[in-house]
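A.B. asks: Mind having a look at this structure? Questions to follow.
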Amino acid sequence: MEIITTIQKLQKAINKQSQSIGFVPTMGALHEGHVSLIKQARTENKIVVVSIFVNPTQFLKDEDLSSYPSKNEADIKICDLAGVDILFMPNINTMYSDDEIAIRAPKIRGFILEGMSRPGHFDGVLQIVLKLFNLVKPTNAYFGKKDAQQLALIKQMVDNLFLSINIIECEIIRDENGLALSSRNAYLSKAEKELALNISKSLKEATQLILQGEKNINILTNKMKETLKGTSLEYIKIVSRDFKYIDTYEPQNSIILIATKIGSTRLIDNLWI
Ligand code: AMP
């Protein structure tokens, strides 16, 4: 595995590739969720590139940029073991200059749910993903359904800007108790981790109700709210898979999304149903 930190070296390594490149962009503190994306990229491409970059433009001022978990040594080992060919670990001055041209998230889909809770977040996400796409020139890029709205917006960016990249949607990886893996889980105390299990529990309960025939979104979300009472709920929404608000559950075309805080840790989860 080659570890690269500069644009020049990355471009040199990429430009000599004529075979399919699978790309997994991450912010590091890698866990099994990231590894599942890397493994899928490994099976579907000749060359696998992973980036680790904690992107400052996607954090709001009061968010956890300065304390975001960093585990470079372990991350390098994980990538090596997972069969990564190129690990790109740039620093901030490599990726950004001052007074940049910026990209804006779309006005509707980019400003509901996560976009409403975290204004500007998706502008930063799209900016860095586009930069990385331009550098890595992937054939296939792998993103987790865990960040469902991010995934939808990246697909839209690829469509709107006519990029020739396949966006591959990867399933959410959970721990043995159902908690969706996240780098931010490292912030949780034991008791908070227990409480966080109510997130996936509420998603399971909604699934049960749907299987019993319930389609009314209010009834479904109210039931979930009860389960999530002990947490500081930001939103529970059920949307269609193209992120339109719906009143009635649409079979095989709906996503249930949750954002909530457990103590000071903000967690998101969702279920595609
Ligand atoms: P991050 O490092 O949080 O920016 O995540 C990098 C990529 O890993 C994104 O495409 C995420 O959606 C994906 N990811 C994060 N957690 C999980 C998970 N538990 N299961 C599957 N994919 C995940």
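The values are calculated or read from the model by the stated rules, or taken from the named source; none is laboratory data. No experiment lies behind these values; they were computed from the predicted model shown. Neighbour counts are summed over all protein chains in view; Cβ atoms, including those assigned to glycine, are modelled from backbone coordinates with ideal geometry.
A.B. asks: Given the criterion in contact with a helix residue (DSSP H, G or I) (Cβ under 8 Å, 6 or more places away or on another chain), more than 13 Å from the ligand (Cβ to nearest atom) and within 30 Å of Phe111 (Cβ to Cβ), identify the matching residue among Leu10, Leu60, Leu87.
C.D. replies: Going through Leu10, Leu60, Leu87 in turn, the sole match is Leu60.
A.B. asks: With the requirement that a residue be within 16 Å of Leu271 (Cα to Cα), within 11 Å of the ligand (Cβ to nearest atom) and either surrounded by 17 or more Cβ atoms within 10 Å (Cβ to Cβ) or modelled with pLDDT under 95 (or both), what does region 146-172 give you?
C.D. replies: Lys146, Asp147, Ala148, Gln149, Gln150, Leu151, Cys170, Ile172
A.B. asks: A further question follows. Restricted to region 30-50, and to residues that are touching a strand residue (DSSP E or B) at 6+ places or on another chain (Cβ under 8 Å) and either farther than 28 Å from Arg174 by Cα or among the basic types (Lys, Arg) (or both), which residue is nearest to the ligand (Cβ to nearest atom)?
C.D. replies: Arg42
A.B. asks: Sticking with this structure for a sec: Of the numbered conditions (1) closer than 16 Å to Pro138 by Cβ; (2) of a type in the set (Val, Ile, Thr); (3) assigned to a helix (DSSP H, G or I); (4) in contact with a helix residue (DSSP H, G or I) (Cβ under 7 Å, 6 or more places away or on another chain), Val50 satisfies every one except a single condition; which is it?
C.D. replies: Condition (3) is where Val50 drops out.
A.B. asks: Quick check, is Ile92 among the aliphatic types (A, V, I, L, M), closer than 28 Å to Glu73 by Cα and surrounded by fewer than 16 Cβ atoms within 10 Å (Cβ to Cβ)?
C.D. replies: yes
A.B. asks: Does Asp62 qualify as being over 28 Å from Glu100 (Cα atoms) and either part of a loop (DSSP other than H, G, I, E, B) or within 18 Å of the chain's Cα centre (by Cα) (or both)?
C.D. replies: Here the answer is no, as Asp62 does not meet what is asked.
A.B. asks: Assess whether Lys131 counts as being among the basic types (Lys, Arg) and away from the ligand (no atom under 14 Å from the Cβ).
C.D. replies: yes
A.B. asks: Among (1) touching a strand residue (DSSP E or B) at 6+ places or on another chain (Cβ under 6 Å); (2) more than 10 Å from the ligand (Cβ to nearest atom), where does Ser66 come up short?
C.D. replies: (1)
A.B. asks: Still on this model: If I go through region 13-29 residue by residue, how many of them are within 9 Å of the ligand (Cβ to nearest atom) and within 13 Å of Leu87 (Cα to Cα)?
C.D. replies: 5
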